[in-house]
There are 2 protein chains.
Amino acid sequence: MEVLLGLLTIEPMSGYDLGQLIRESIRHFWNESYGQIYPNLKQLAAGGFITGKIEKQKGKPDRQIYSITKKGRERLMRWLEVEPQPEIPRNELLLKIFFGAQAGPGTLRNYLERMLENERAALQQFGFIEREISKNTQYPDAPYWQIALRFGQIEVEAHVRWAEETLAVLQKLSRVKQTPQGSRKEKPHAGE
Amino acid sequence: MEVLLGLLTIEPMSGYDLGQLIRESIRHFWNESYGQIYPNLKQLAAGGFITGKIEKQKGKPDRQIYSITKKGRERLMRWLEVEPQPEIPRNELLLKIFFGAQAGPGTLRNYLERMLENERAALQQFGFIEREISKNTQYPDAPYWQIALRFGQIEVEAHVRWAEETLAVLQKLSRVKQTPQGSRKEKPHAGE
DNA sequence: GGGTGCATGTAATGGGTTACATGATTCT
DNA sequence: AGAATCATGTAACCCATTACATGCACCC
């Protein structure tokens with residue numbers, strides 16, 4: 001809800017634009033689906049927090065361009081003043097690793113390789129975003145965008161380090177499991 | 001749902017125990033509320049994935065102790081084989097920082113200080129968990145628990161570094177804002 | 001001709017938190 | 001006396017994703 005308000009302080013936009021912008025620039029810490037965006041915009045408009053103007057296009061469908069109102073800015077402010085409480089992320093990968101002894105190291109290694117791919121792709125995306133920000137230094141928010149981006153970079157680097165370290169640990173674990181005295185109740189897994 | 005199954009492979013437990021265990025050991029990457037745990041246990045029991053035995057206690061209410069069944073283990077296995085897809089966390093703090101120019105650096109600094117407190121508390125909690133794990137090396141899952149814990153440690157360290165760096169950046173930003181030519185449309189904020 | 005992008009929207013479904021209710025014991 | 005802990009459970013509610021629907025234009 002308030003994301004939309006916040007993004008509309010940058011410039012007036014349509015719901016579609018908002019969706020694009022979200023997945024291009026803040027997806028690494030916030031996401032909204034269109035199933036969320038459009039109804040929320042309607043609500044915000046009904047409450048007088050934003051106003052919409054229809055923009056006609058040839059060939060393409062009409063666009064509803066929304067602008068934030070004074071009332072909207074006030075609402076955004078009030079929300080910004082509320083201290084964000086830490087939220088517990090749900091990390092399915094970690095959960096599966098936690099029960100790793102059931103799955104065996106082979107499966108986990110695949111998951112980690114895939115994770116590394118994703119994280120490296122994210123790093124590239126960050127590079128792209130960084131260039132976008134430095135093109136738009138005229139906006140007063142630009143330094144803050146940079147800070148949010150930096151969070152993503154630092155976190156992803158940490159993830160990469162962890163994943164690499166973990167792959168090494170798993171290697172050792174499967175070597176230990178292969179030694180004769182290491183096998184107790186465990187059923188031997190096919191392959192490594 | 002499957003967390004419960006997974007945790008019950010460690011040993012038979014009650015819903016209450018599961019809740020305790022979750023918040024003591026895996027809260028940093030997974031959480032379930034009792035409003036979720038109890039109904040899920042009922043469902044799992046109805047499906048034959050776990051079985052419950054009533055344990056009577058004097059003075060205290062009866063406990064339903066659940067054990068995982070063979071069918072339950074199979075279900076857990078199938079779930080473990082499904083590749084976890086990356087999930088986008090929602091970080092309200094980052095979102096508020098992203099719109100930082102609206103709120104001003106003072107508010108953000110408070111949020112960051114609070115965040116640092118939380119992260120440091122988490123580090124301490126991790127120390128506690130680490131000691132618990134090293135007491136329970138007889139479990140075959142122990143190395144995997146260690147890996148999951150390591151993730152938390154590395155991530156939290158990264159967060160701390162980012163927060164400290166960001167506090168320094170904000171300091172600079174508010175100094176720049178104070179210089180005469182830097183003030184355009186911005187209302188001056190009380191205190192720095 | 002078929003897929004993709006633009007653009008908006010709704011409905012079904014699933015997930016999860018919060019708040020409430022109960023009731024006994026133990027601690028302060 | 002009152003609060004907290006143990007222990008289980010339900011109901012209301014909010015939020016979010018997914019899938020579906022429409023319709024035109026452009027490209028291969």
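The combined condition, being under 25 Å from B:Gly127 (Cα atoms), modelled with pLDDT of 95 or more and not assigned by TED's automatic domain parsing to the domain that holds B:Leu173, is fulfilled by B:Gly19.
Looking across segment B:6-35, the residues that are in contact (Cβ under 8 Å) with a residue 24 or more places away in the chain and within 11 Å of chain A (Cβ to nearest Cβ) come down to B:Gly6, B:Leu8, B:Thr9, B:Ile10, B:Ser25, B:Ile26, B:His28, B:Phe29, B:Trp30, B:Glu32. Within segment B:126-147, the residues that satisfy the criterion of being without any contact (Cβ under 8 Å) to a residue 12 or more places away in the chain and either more than 8 Å from chain A (Cβ to nearest Cβ) or outside any helix (DSSP H, G or I) (or both) are B:Gly127, B:Phe128, B:Arg131, B:Ser134, B:Lys135, B:Asn136, B:Thr137, B:Gln138, B:Pro140, B:Ala142. The residue pairs whose first member lies in segment B:110-125 and is within 20 Å of B:Phe29 (Cα to Cα), whose second member is of a type in the set (A, V, I, L, M) and in a helix (DSSP H, G or I), and whose beta carbons are closer than 6 Å, counting only pairs six or more residues apart or on different chains, are B:Met115/B:Ala163; B:Leu116/B:Ala163; B:Glu119/B:Val156; B:Glu119/B:Val160; B:Ala122/B:Val156; B:Leu123/B:Val156. Looking only at residues in segment B:92-131 that are of a type in the set (S, T, N, Q) and farther than 13 Å from A:Glu83 by Cβ, the one that is surrounded by the most Cβ atoms within 10 Å (Cβ to Cβ) is B:Gln102. Of the residues making up segment A:77-95, those that are part of a loop (DSSP other than H, G, I, E, B) and within 14 Å of DNA strand D (Cβ to nearest atom) number 6. Spot the failing condition for B:Thr51; the list is (1) farther than 27 Å from B:Arg150 by Cβ; (2) crowded, with 19+ Cβ neighbours inside 10 Å, and only one is missed. So B:Thr51 meets the others, but not (2). Count of segment B:86-105 residues, restricted to those that are over 18 Å from A:Leu7 (Cα atoms) and in contact with a helix residue (DSSP H, G or I) (Cβ under 8 Å, 6 or more places away or on another chain), is 3.
Every test in (1) surrounded by 14 or more Cβ atoms within 10 Å (Cβ to Cβ); (2) more than 30 Å from A:Ser25 (Cα to Cα) is passed by B:Pro89 save one, and that test is (2).
Of all residues in segment A:1-57, those that are under 27 Å from A:Pro89 (Cβ atoms) and under 18 Å from the mean Cα position of the chain (by Cα) total 26. Scanning segment B:39-87 for residues that are free of Cβ contacts under 8 Å to residues at least 12 places away in the same chain, basic (Lys, Arg) and within 14 Å of chain A (Cβ to nearest Cβ) gives B:Lys70, B:Arg78.
The values are calculated or read from the model by the stated rules, or taken from the named source; none is laboratory data. What you are looking at is a predicted structure, and each value in this text was computed from that prediction instead of being measured. As a convention, Cβ positions derive from the backbone with ideal geometry for all residues, glycine included, and neighbour counts pool all protein chains shown.
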